[in-house]
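First up is the structure itself, then whatever we jot down about it.
The values are calculated or read from the model by the stated rules, or taken from the named source; none is laboratory data. None of these values were measured; they are calculated from a predicted model. Every residue, glycine among them, receives a Cβ derived from its backbone with ideal geometry; neighbour counts consider all protein chains shown. The accessibility values were calculated without ligands, DNA or RNA, using every heavy atom of the protein model including side chains. Shrake-Rupley method; radii C 1.70, N 1.55, O 1.52, S 1.80 Å.
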Amino acid sequence: MFTKSGQSRTVSLALLCLAVLAWTLTATAQLPLPSSTQFDINGFLQTATLDGKGTGAHQGGHLTVNGQLVTVPAETIVILPANALTWAELFTQAPAPYGPGQTGLAMSDSPAPITTYEVHVIGNRVLGGGGGADVYVAGLIYIAQNGLNSGAGFINFMNYATGEMEVGGVIGTANTGTKVQINDPSGRYGRVMSPDPRFTVDADNPTIASGTGFPMCFPRSAPPPAGAGDAACPESQRPLAAVGYAATIQMTDPVNAPGASPDPTKQAPFEVGDYVTFAGTLVNTSATPTQLVAGAPTYVSAHTIINNVAIFTWPGTNPAYVFTEVALIGTGGLTVAGAGEAAIRTRFEGMTTDPSRNVHLYGIDLNPADGSTSDRDWGTIGVDQGPPNGAVKGRWRFRPPCTAAVATDKACTPPAGGTFLPPTREVRAVIEGAWVPPAAGQLSPTSANGLIFGQYHAPILEYIFPENIPGSPVVPNNFNALDFLAKGGYTSSAGTLAGQLDPWPDSTVPAPACTAPVANAGGPYTVAFGGTVQLNGNATGTAPVTFLWSNANNDGVLGNANLANATWTATCGVGVSCLPGTPHTLTLTATNSCGTNSASAVVTIDTANAPTVGPIAPVSVFSSAIGSFVVTATDPNVPALTPITFTATQAGVPALVNLTVTQLTPTSATVSFNAPTLPANQVVNSSVTVSVTATNAGGVASQPGSVTVTIKPLPDAVAITNVDYRTSKQRLTITATSSSDPTAVLTLQPYRTVNGTLFDPATIGNVFTNLGAGAGYQIIVVGAPEPAVPPATPLTVKSNLGGISPPHGIDRIRQ
């Protein structure tokens, strides 16, 4: 969660000399004392007491540095190299023989600590405030054994039995170099060991790492053949070179070659011959390792080790790792007239194992009520690709002002809100695409023995406060601009949620908490179907406020959902209802460092355009027959509101029976029916008009399309009963019957003669005579040629009602 704080800020010699000169020349001009004036002290921790305001883990006290007594407010969280503890927790977590009454860090503690510890205190001298009439009150406190103390050299020996490396001695020879152990209470980077857990490694972000930020480890067992090796820290992670081990390592592709060595999901071991830089606390091998014990061998309990190897993960794949080396931010500039530089300087720098992806910076805002966090976008920066066009592969440097539209390794994009203010306690560096905030109740994904990959979050170690102009009144440090002090919400590694500092390190005490947001979603809104509407949300409350639009029904499409002025497009997904005229509820959630609030707005989609029914060809069926036709429709909306449903109605008598619509496709249907039975004596057609209406999924109906259905009477049954031909008189006599007697009119059709010619009787008369009284029909044709003789059947009779007889031959031929 934290990174090394061995980078202690000191007052520059030039500035100090200038300030002393100003005080000397204008001593009387400084009086009377302002109500609040800044101080920044760095020195040995002489005394530390737990006797201040507050109770339990929240209690404050006092410290002495360079002979100056400083009040430590209740709710103070002290930043250690890779840890954060409340002032009271420095006492309760102190190892024997100190805790819980002493820290074991102060020169006055008894027995004497093994060495002095450095404290860096930034605060204000406050007159008449909550701490007393005239007191130095701390705002920020950093403690390290020696902030700038570090070691460097080649690993000359590794003792796998004790988990101890030696640095700077004769290669391969024990007891010739500085002895270094990893201060690792949880066993994240090797075996579990810690003489003082307050100066632990970071168990979330790799502080035991390669020069590019890849997590390193000390094997818990000697590698083969001397030992069984360590599956979490395998030798296969360190490929051999021509001499020794490779100085640059490319990890394999975890997507296409999962588990192949070297594997980005596992830490890489230190090896003899590696060049490392380390920082930690000096302790000894006695039963009380932080106590000064004469003659007890000492070693360095390291919270940070950086190995001079370059390890890169496969481009664009996870896990990938990043870390921050420099974190500096301005607190807002001028607080009083006459102050020096506005001090809005901000800078973040670090390394990444994946130079193919940009690094995204976020300030981490806090909710004072519960300590929950939210990330505030601070912009992006590209990564140095290394030679021949770059300098150091994997390095990123975020150095405002940021004005780039697209980030490069030399130009950053600006914060989404246009400012880095108010400053946060922590900053998060994220490899784009490698990490996203976990959902509520979920944890970030981990790799390499439990480390969170793709991001690195750590305290900001240096704040640039307003500077003084010689000869002008000394200005206060503007702690009122630091919400994590003014409102609280920061949590120690032991889980203590801090509130506002008490006493407050300024004569002007801010409100104890910020104002929670009140969201306003705007609206109501109206949008055309398939169109886009601009949402006009906003919120009151203490800035910065972040926004998120959501839609519980997941209908429509939200654009730029993290902006107050997001958009909503009335386009619906498969299986999601988005009907015109139906209200849709959108919710705007506003969040700031002290709360969350939501408000809803209704969006109504305008009525959609009507579909169009396609043309339908006329339909003709016989009486009592089954008939059908297909109807289609088109929908002009984008996207089309399908399926389109159809309804059919009719007009005319006699009516169709069982008029039914059956869907074929989303845009077509079959209309089927039974034709009515016409009266037996009906000889003319009947007609019915069928109207079809199409209705789209938006509930909008078309203009009806219509078709005429013609119902034809059934043809009558016609039969020839007798044919008589007299050759001497050329007289043809035919009798016939019709099922529609006497309605039908029968006519003799052309026939083939005995000579093989075709004869049309219409030329001499071909209409039958109705004999009446159900006796049937008869025709006598004189002058008719003889029909073909059997077995030919050349004669047929046709009815005007549609019937036609089967062919018939001559029954009798006479002279």
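Go through (1) out of contact with any Ser or Thr (no Cβ under 9 Å at 6 or more places or on another chain); (2) without any contact (Cβ under 8 Å) to a residue 12 or more places away in the chain one by one and return the number of the condition Gly99 breaks.
Against the list (1) out of contact with any Ser or Thr (no Cβ under 9 Å at 6 or more places or on another chain); (2) without any contact (Cβ under 8 Å) to a residue 12 or more places away in the chain, Gly99 comes up short only on (1).
If you take the residues of the stretch 418-464 that are among the hydroxyl-bearing types (Ser, Thr, Tyr) and surrounded by fewer than 18 Cβ atoms within 10 Å (Cβ to Cβ), which of them is nearest to the chain's Cα centre (by Cα)?
Here the residue is Ser444.
If you check Val797, Val709, Val767, which single one turns out to be more than 30 Å from Val688 (Cα to Cα), open to solvent by less than 60 Å² (accessible area, probe 1.4 Å), among the β-branched types (Val, Ile, Thr) and at pLDDT 95 or above?
On the way: Val709 fails: more than 30 Å from Val688 (Cα to Cα); Val767 fails: open to solvent by less than 60 Å² (accessible area, probe 1.4 Å).
Residue meeting the stated conditions: Val797.
Quick one: Ala257 ticks every box in (1) over 19 Å from Thr352 (Cα atoms); (2) under 34 Å from the mean Cα position of the chain (by Cα); (3) touching a residue at least 60 places away in the same chain (Cβ under 8 Å) bar one, so which box is it?
Only one criterion in (1) over 19 Å from Thr352 (Cα atoms); (2) under 34 Å from the mean Cα position of the chain (by Cα); (3) touching a residue at least 60 places away in the same chain (Cβ under 8 Å) is unmet by Ala257, namely (3).
For the stretch 221-260: of the residues being part of a strand (DSSP E or B) and touching a Pro at 6+ places or on another chain (Cβ under 9 Å), which is surrounded by the most Cβ atoms within 10 Å (Cβ to Cβ)?
Across the stretch 221-260, the extreme among qualifying residues is Ile249.
May I ask you to verify whether Thr288 is open to solvent by 20 Å² or more (accessible area, probe 1.4 Å) and not in a loop (DSSP other than H, G, I, E, B)?
So Thr288 fails the test.
Kindly list the number of the only condition in (1) among the hydroxyl-bearing types (Ser, Thr, Tyr); (2) touching a Cys at 6+ places or on another chain (Cβ under 8 Å); (3) in a strand (DSSP E or B) that fails for Thr413.
(3)
Hey, any hits in the stretch 189-197 for a residue that's assigned to a loop (DSSP other than H, G, I, E, B), of a type in the set (Gly, Ala, Ser) and within 21 Å of Tyr160 (Cα to Cα)?
Yes - at least one qualifying residue is present in the stretch 189-197.
Do we have any residue at all in the stretch 261-273 that's farther than 30 Å from Trp314 by Cβ, without any contact (Cβ under 8 Å) to a residue 40 or more places away in the chain and open to solvent by 30 Å² or more (accessible area, probe 1.4 Å)?
The answer is no, given that none of the residues of the stretch 261-273 is farther than 30 Å from Trp314 by Cβ, without any contact (Cβ under 8 Å) to a residue 40 or more places away in the chain and open to solvent by 30 Å² or more (accessible area, probe 1.4 Å).
When you scan the stretch 66-154 for strands (runs of 3 or more DSSP E) that lie fully inside it, which ones turn up with 3 or more residues that are open to solvent by 10 Å² or more (accessible area, probe 1.4 Å)?
Here the list reads 68-72, 118-129, 132-144.
Taking the conditions exactly as written (within 60 Å of the chain's Cα centre (by Cα) and either more than 22 Å from Phe622 (Cβ to Cβ) or in a loop (DSSP other than H, G, I, E, B) (or both)), does Gln703 satisfy them or not?
Considered against the rule, which asks whether it is within 60 Å of the chain's Cα centre (by Cα) and either more than 22 Å from Phe622 (Cβ to Cβ) or in a loop (DSSP other than H, G, I, E, B) (or both), Gln703 comes out as yes.
Within the stretch 178-220, work out how many residues are charged (D, E, K, R) and open to solvent by less than 40 Å² (accessible area, probe 1.4 Å).
Final tally of qualifying residues: 4.
How many of the residues in the stretch 591-616 are modelled with pLDDT under 80, hydrophobic (A, V, I, L, M, F, W, C) and either in contact with a helix residue (DSSP H, G or I) (Cβ under 6 Å, 6 or more places away or on another chain) or under 22 Å from Ser691 (Cα atoms) (or both)?
Looking only at that region, the number is 0.
What tally of residues in the stretch 393-434 results from selecting those that are without any contact (Cβ under 8 Å) to a residue 24 or more places away in the chain and on the phi < 0 side of the Ramachandran plot?
7
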